[in-house]
């Protein structure tokens, strides 16, 4: 009986237009990506995190009232090179034993150029909290193949790793360093509308 009631309520919620108000969306990591790029010698090397979770509060009619919170497991860093990933997990970089998580929590959303949103928030990494602004975009929402509702979001930003105390580097023989300081971050999110179950 409870399951039937919950199903009926879920159907009613999904039948409502999303413009009716803010909704909570759960990030689906199986259809999302948290990626980064950093200069290595004379090219840019990509990487990603494979273990993360988060929620987005979003109202298409009032996007400036939105909020987002994401938790990333630092040990899930992946650059398709086992030795390099081990180094990134070490105290030289993410120090995953002491700091197993990094988080982003928004504090304010402002309008950017065109349909873009500027998502201001606090990034906590290696125990250091710094303000970061993401440039985000909402792609739309609609029903999925499993009876739910999904939405698409995208966001980018660039941070300086040294701002968080990530200092490791090596000098090149003819000057300069092998590793850049700026890290370009790209986030592609597919999120599922959260429906609370009835007790």
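Every read-out reported here was derived from the displayed coordinates using simple, explicitly stated rules and does not represent laboratory data. No experiment lies behind these values; they were computed from the predicted model shown. Every residue, glycine as well, gets a Cβ built from its backbone with ideal geometry; the counts of neighbours run over all protein chains shown.
Some notes on this structure:
- A simple spin-label model places pseudo-atoms 7 Å from Cα toward Cβ; at residue 39 and residue 126 they are separated by 1.9 nm.
- Between residue 87 and residue 139, the simple label model (points 7 Å from Cα in the Cβ direction) yields a spacing of 3.3 nm.
- Net length available on complete extension from residue 113 to residue 28 is 27.9 nm, with 0.36 nm assigned per residue and the Cα-Cα distance removed.
- Cα-based Rg and Dmax for the chain, where Dmax is the largest Cα-Cα distance (Å): 19.4, 74
- Relative to the longest principal axis of the Cα atoms of the chain, helix 2-15 runs at roughly 80 degrees.
- Dividing the mean sequence gap of close Cα pairs (under 8 Å, 6+ apart) by how many residues segment 88-143 holds gives a relative contact order of 27 percent.
- Between the alpha-carbon centres of segment 85-144 and segment 154-188 there is a gap of 15 Å.
- Taking packing as the residue-averaged number of other Cβ atoms within 10 angstrom, the listed peptides 164-170, 94-100 run from highest to lowest as 94-100, 164-170.
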